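J.: Handing you a structure now.
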Amino acid sequence: MKIREMRIVPVAMADPPLRSAFGLHAPYALRTIVQLTTDDGITGVGETYGGAIPLRDLTAARERVIGQDPYNLARIEAAIAGDPTAAPNRDRAWEGTLSSPVQSFSPVEVACYDIIGKATGRPVADLLGGRFRDAVPFSAYLFYKHAGIGGSDGLAGDSTAAKERDDYLASEALSPEGMVRQAREFMDRFGFKSIKLKAGVLPPDEEAATIEAMYEAFGPDVPLRIDPNCIWSVETSERIGTRLEGKLEYYEDPTDGKANMAEVAKRVAMPLATNMCTTSWADIPETVERGSIDILLSDHHLWGGLGATVKLAQLCRVFGWGVSMHSNSHLGISLMAMAHIAAAIPNLTYACDTHYPWQQEEVIVGGKRQFTDGNIVIDDTPGLGVELDEDALGRLHEQYQRAGLSKRDDVAEMQKIEPGWKPVRY
Ligand SMILES: [Mg+2]
């Protein structure tokens, strides 16, 4: 079997005005869809980060992918990512610097697994070690947000649709009360059993008050997490961590860098999780040496695919780290890739993050996937279990062209509503 075609389609999907330490989400989030077709007519799909840089890198990789056997993943990885005997590079994935061979390989690898699954009649999870679980738990991923649903509805605060609807997608949530309401809706609609708060937006004590309000509202049986995206100092991290002791399941990236994370780890009595301090294989030795983290939030887009994530989970076991999963804005292809790999990792110790409830548009047949009691259920459908909806893909590609965005820039977006805005460190 040989790969005959590699199609690369940049898309843009409506995204509500969500806040983070970096600013504000633009009205559209960008993704790239990769489709491989084999010489015997089997197609496989993958999805990754969006914008000009992934598009350029994947386009450059195309000629190295075409002609390869989709089963020969090691050779495809070497063709895209280089010498497999060399020490790994520090491949950082942050928006704006998304150029990394490891990241270019990821959507190609996912599409190859989709092909292999279809060719063998098995779901992708069965190819990654087997389904340790059939239902993969996800958490409610809450954001402070302005009123508005994004897309053609426009910028934050200038929203017709938001005035007409009254749900989590449209409503403002910039207070503890607003966030409890958002949480309740996520739990009622999707059945999520744990809650993550994207923080680093309001003064830290207001965000701690939001966690306290949720603890009050939902009780000790609903695990809570807070993620200020590294924007707090060691002292602030210690103060807020101490205040929230006993109320958090884990404390995600309160501060920046391995040395500071290690310092916070010594001062607070709860596990520290990261998707920012340790983001590549080359980061592992120093992370271990310093004792910077207790839980690694894996991400197959960032670490080089589904096979790499299996290896990463095993490494976490070696170091006694818990494993869960990080998320960016994504569509159903990535949702299913995340669910298949999470199903196959025995030591996935926490519910996975997902932005999926914030996305209103899809590129897969049947539209948006549904959560069952907070889970994505893996059935016996071969491959990832998704097919591209060509009309929907065409619409989201046109939207990409119209949106005029070539990369994610939350600071620039925030400055549109607050001129001169800069990230605030506490
Ligand atoms: Mg995070």
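All of the numbers you see were taken from the coordinates with simple rules; none came from a lab. As the structure is a computational prediction, the values presented were derived from the model and not from experiment. When we count neighbours, we look across all protein chains shown, and the Cβ atoms used for this are built from the backbone with ideal geometry, even at glycine.
J.: Convert 4 °C to kelvin, take the viscosity as 1.567 mPa s, use the Kirkwood radius over C-alpha pairs of the stretch 135-377 as Rh, and evaluate the Stokes-Einstein diffusion coefficient in µm²/s, rounded to a whole number.
T.: It comes out at roughly 70 µm²/s.
J.: Using only the alpha-carbon atoms, how far is helix 306-318 inclined from the longest principal axis of the chain? Give it as 0 to 90 degrees, nearest 10.
T.: In the chain, helix 306-318 runs at an angle near 50 degrees to the longest axis.
J.: Can you compute the label reach from LYS311? Point 7 Å from Cα along the Cβ direction, backbone N cut-off under 14 Å, restricted to the stretch 319-344.
T.: In the stretch 319-344, the label zone of LYS311 (backbone N under 14 Å from the point 7 Å along Cα→Cβ) covers no residue.
J.: Would you kindly compute the Cα radius of gyration of the chain and its largest Cα-Cα separation (Dmax), both in Å?
T.: Expressed in Å, the Cα Rg and Dmax of the chain come to 20.5, 60.
J.: Viscosity 1.567 mPa s, temperature 4 °C: what is the translational diffusion coefficient of the stretch 154-290 from Stokes-Einstein with a Kirkwood Rh over Cα pairs, rounded to a whole number of µm²/s?
T.: Answer, rounded: 80 µm²/s.
J.: What length, rounded to one decimal in nm, is gained on full extension from GLU177 through to GLN415, with 0.36 nm per residue of separation minus their alpha-carbon distance?
T.: 83.1 nm
J.: Between GLU286 and ASP205, what FRET efficiency follows from the Cβ-Cβ distance if R0 is 45 Å, with the result rounded to 0.05?
T.: So the FRET efficiency works out to roughly 0.90.
J.: Testing the spin-label approximation: label points 7 Å from Cα along Cα→Cβ at ALA259 and ARG189. State their distance in nm.
T.: Those two pseudo-labels are separated by 4.4 nm.
J.: Compute the long axis of helix 258-267 from its Cα atoms, compare it with the longest principal axis of the Cα atoms of the chain, and write down the angle in degrees, 0 to 90, nearest 10.
T.: 40 degrees
J.: Could you sort out which of LYS368/LYS416; LYS247/LYS422; LYS145/LYS198; LYS198/LYS266; LYS145/LYS416 sit more than 21 Å apart by Cα distance in this structure?
T.: LYS368/LYS416; LYS247/LYS422; LYS198/LYS266
J.: Order of MET261, MET270 from fewest to most other C-beta atoms within 10 Å?
T.: MET270, MET261
J.: Just the number, please: Stokes-Einstein D of the stretch 330-426 in µm²/s, Kirkwood Rh from C-alpha pairs, 37 °C, 0.692 mPa s.
T.: D = 201 µm²/s.
J.: Fewest Cβ neighbours within 10 Å first, please rank MET13, MET1 accordingly.
T.: Placing the least packed residue first, the sequence is MET1, MET13.
J.: Still on this model: What's the Cα-based Rg to Rh of the stretch 13-132, Rh via Kirkwood?
T.: Rg/Rh for the stretch 13-132 comes to 1.02.
J.: Which semi-axes, in whole Å and largest first, does the equivalent ellipsoid of the stretch 1-64 have when worked out from the alpha carbon gyration tensor as the square roots of 5 times its eigenvalues?
T.: Its equivalent ellipsoid spans semi-axes of 30, 12, 7 Å.
J.: Arranged from highest to lowest average of other beta-carbon atoms within 10 Å per residue, in what order do the peptides 25-33, 276-284, 107-115 appear?
T.: For the peptides 25-33, 276-284, 107-115, the packing ranking is 107-115, 25-33, 276-284.
J.: Same structure again: In the Gaussian network model of the chain, springs joining C-alpha atoms below 10 Å, which of GLY404, GLY200, GLY332 carries the largest mean-square fluctuation?
T.: In this elastic network of the chain, the residue with the biggest mean-square fluctuation among GLY404, GLY200, GLY332 is GLY404.
J.: Let me ask something else. In nm, give the distance between the simple-model label positions of SER152 and ARG395, each being 7 Å from the Cα along the Cα-to-Cβ direction.
T.: 1.0 nm
J.: Based on the Cβ-Cβ distance of ASP83 and ASP39, what FRET efficiency does E = 1/(1 + (r/R0)^6) give at R0 = 22 Å, to the nearest 0.05?
T.: Calculated transfer efficiency: 0.20.
J.: Could you work out how far apart the two model spin labels at GLU387 and THR242 are, taking each label as a point 7 Å from the Cα in the direction of the beta carbon, and quote it in nm?
T.: A separation of 6.0 nm, rounded to one decimal place.
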